[in-house]
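Just so it is clear, none of the values below were taken in a lab; they were calculated from the coordinates. Everything quoted here is computed from the prediction, not taken from an experiment. Cβ coordinates were reconstructed from backbone atoms using ideal geometry, including for glycine residues, and neighbour counts include every protein chain displayed.
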Amino acid sequence: MAVINYDSELRRAGAHATQGWRRLAFLAQRYVLGTFGLVIMVLFVWTALSADLISRYDPLTVDSANRLAPPSAAHWLGTDSFGRDVWARIIHGARISLAVGIGSTALGASIGVIVGLISGYLSGWVDLVFQRITDILQSLPLLVLALVMTAALGPSLHNVIIAIAIPLIPTVSRVIRANTLALREQPFVEAAKSIGMSETRIAIRHVLPNTLAPLIVLATAQLGSTILTEASLSFLGLGIPEPYPSWGRMLSESAAEYVRTAPWLVIFPGVAISLAVFGTNLFGDALRDILDPRQRG
Amino acid sequence: MFAYIVRRLALMLVTLFGISVIIFVLLRVVPGNIVDILFDAAGFVDPADKANLEKELGLSQPIVVQYFNWIGGLFRGDFGYSYVSEKPALQEILPRIPITAKLAGLALLFSASIGIPLGVISAVHQGTKLDYTLRVISLSGLSLPSFWLGLLILMASVSLVGAMPIFNPNPKTWTEAFAIYAVPAMAVGFRSAALTMRITRSSMLEILRQDYIRTARAKGASEASVNYHHALKNAVLPVITVIGIEAAFLIGGLIVTETVFNIPGIARFLVEALRWRDYPIVQNLVMFIAVVVVFTNFVVDLLYAAIDPRIRFGD
């Protein structure tokens with residue numbers, strides 16, 4: 001946040017106070033949609049963390065007597081074909097989606113940052129090799145690559161995280177590399193070199209913090225994409241395996257068969273996915289407008 | 001211009017080679033292959049039989065040899081045999097391609113014809129309620145999982161018409177053809193349309209800020225002329241790039257949509273082949289998808305260079 005000078009912008013826009021809470025309140029009022037997105041995300045995280053407290057039933061308990069019950073006072077969102085409470089499964093599915101989303105985004109982003117920094121900073125043949133590899137990885141659609149990886153590695157929670165993280169690496173490294181190339185030419189880097197700072201130290205202490213803004217924007221944007229990819233993988237049956245409740249797999253289990261007889265099985269998991277991704281997209285858009293307008297679109 | 005094309009072609013070949021290596025290695029990285037699955041299903045494992053079958057399928061040779069066998073076969077036109085159905089892979093893949101191609105074409109058409117005009121309108125009326133609404137709609141379009149949209153469409157068709165669209169390769173009436181192809185294409189294209197709208201909007205906004213637009217207005221050109229004749233022609237360039245990139249995203253959407261609507265295209269076939277570890281099919285399908293994506297990007301690059309002379313001569 002050291003790169004963008006807020007104070008003059010805020011003053012120009014007419015804000016009366018430029019410190020602390022007043023600044024946050026001003027931003028919240030200016031970027032209403034983004035604040036709404038942030039609220040949704042916070043709700044999502046809170047739901048995931050307090051899953052055991054707000055679900056009345058265990059998401060895994062089979063209750064054959066109550067199969068396919070429509071929404072009622074006993075089961076708020078109905079039950080599925082095994083008699084499991086849908087509300088409980090959706091709440092616990094939030095935990096899984098959050099874990100996979102954040103895990104794979106963090107993994108992909110961190111490796112991408114390292115690759116991008118090295119590639120942009122060292123140039124030469126290291127850059128060339130890395131660039132060709134990123135080209136290759138980016139030539140395959142995200143879902144196809146993730147599908148082949150989960151099929152290759154086997155269905156398990158950490159394999160899904162890895163499989164979704166790897167296609168993210170090229171995108172992140174591209175952005176970081178572009179930023180590094182630009183920052184490398186800046187006078188402060190030359191100044192640091194002239195006082196004898198080692199290249200590594202310069203890269204970590206000076207270049208990296210200045211690439212944080214576009215990285216945060218990118219990571220938030222990718223979070224929505226990873227949640228969707230996990231849902232698609234689970235829908236196809238090649239994602240999160242059996243005991244864990246996953247929104248995507250809830251939709252596949254209820255697919256065309258129950259469309260007629262049990263619409264609540266189709267509607268609610270989908271609403272959950274859409275809401276979560278919508279929140280991250282809204283927040284990511286606002287964040288991008290604030291931090292890095294160059295990345296528009 | 002010629003040098004540009006040659007360089008791009010060389011890059012294309014290197015990329016395709018890299019993809020083939022990655023796919024080949026990925027599929028064999030985990031112990032356990034089709035032979036294990038077949039024998040697991042049979043329930044009885046006799047090591048001698050298993051070794052024989054592996055030798056017959058060519059799985060006992062070192063990986064590098066297997067890889068070159070495959071690549072050599074590709075150049076000869078021999079795409080191997082499906083492990084599951086034992087028919088030539090080409091015979092399994094070829095009939096499914098036109099179906100997916102029709103869907104993809106329709107989806108792109110839908111996305112461009114809805115996305116570009118809406119993006120232009122949104123940009124020209126920036127800041128108004130219309131712009132706001134369109135932006136929220138496009139963002140929600142990006143947030144909807146396409147398989148869920150497909151399921152919702154199925155639900156709607158069940159409650160409206162009383163039946164779900166069942167795939168028929170030779171539709172007899174126009175309504176039937178619409179139900180079979182256009183409806184899934186719209187489910188897939190919705191997401192692409194949202195993306196196209198966003199890119200068109202931001203691209204138009206960039207252009208509309210330029211000085212030459214101000215000059216055109218100062219010279220007295222009508223708003224329509226400014227927006228379409230001057231701005232849109234320049235704004236269309238990044239949009240073409242994005243549509244090219246979307247050809248890749250489309251495959252992902254097609255995979256799930258074909259599964260939801262039960263359409264026998266190559267995208268759904270890929271998932272089935274993956275579940276069965278049917279390597280020849282998976283390898284060839286993924287290579288096919290990669291070739292299509294890389295080639296589309298190549299064509300888009302060429303188009304871009306043809307339209308914008310700065311790319312041709314600069315670089």
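Assuming a ≥ b ≥ c are the square roots of the Cα gyration tensor eigenvalues, decide whether chain B counts as rounded (a/c under 1.5), prolate (otherwise, with a/b larger than b/c) or oblate. In terms of gyration-tensor shape, oblate. If R0 is taken as 41 Å, the Cβ-Cβ distance between B:Arg214 and A:Asp289 corresponds to a FRET efficiency of 0.95.
In chain B, the longest principal axis of the Cα atoms and the axis of helix B:129-143 are about 10 degrees apart. Lysine pair count for the protein assembly as shown with Cα-Cα distance under 24 Å and sequence separation of 8 or more or different chains is 4. For the stretch A:138-297, a simple Cβ point-charge model (Lys and Arg +1, Asp and Glu -1, everything else neutral) yields a dipole of about 440 debye relative to the Cα centre. With the Cα gyration tensor of chain A giving a ≥ b ≥ c as the square roots of its eigenvalues, does the rule (a/c under 1.5 for rounded; else a/b larger than b/c for prolate; else oblate) give rounded, prolate or oblate? Judged from the Cα gyration tensor, chain A comes out oblate (a/c at least 1.5, b/c at or above a/b). The Cβ shell under 12 Å around A:Thr134 holds other residues with a net charge of +1, Lys and Arg each +1, Asp and Glu each -1. Can you give me the angle between helix A:212-235 and the longest principal axis of chain A, using Cα atoms only, in degrees from 0 to 90, rounded to the nearest 10? Rounded to the nearest ten degrees, it is 30. When B:Val236, A:Val115, B:Val299 are sorted by how many other C-beta atoms sit within 10 angstrom of their C-beta, beginning with the fewest, the order is B:Val299, B:Val236, A:Val115.
Around A:Leu153, under 15 Å between beta carbons, what's the net of Lys plus Arg minus Asp minus Glu among the other residues?
On the way: positive: B:Arg28, B:Arg275, B:Arg277; negative: A:Glu230.
The answer is +2.
A simple spin-label model places the labels of B:Ile137 and A:Leu128 5.0 nm from each other, with each point 7 Å out along Cα-to-Cβ.
Cut-off 14 Å, label point 7 angstrom out along Cα-to-Cβ of B:Lys129: give me the residues of the stretch B:170-213 whose amide nitrogen falls inside. What the label zone holds, given the 14 Å backbone N cut-off, is no residue at all. In loop segments of the stretch B:190-264 as defined by DSSP, the trypsin sites (Lys or Arg not before Pro) with at most 14 further C-beta atoms inside 10 Å of their C-beta are B:Arg209, B:Lys219.
At an R0 of 25 angstrom, the distance between the Cβ atoms of A:Thr61 and A:Ser156 translates into a FRET efficiency of 0.65. At q = 0.10, 0.24 Å⁻¹ the log10 of I(q)/I(0) for the stretch A:164-266 amounts to -0.50, -1.17, computed by Debye summation with a single uniform scatterer per C-alpha, solvent ignored.
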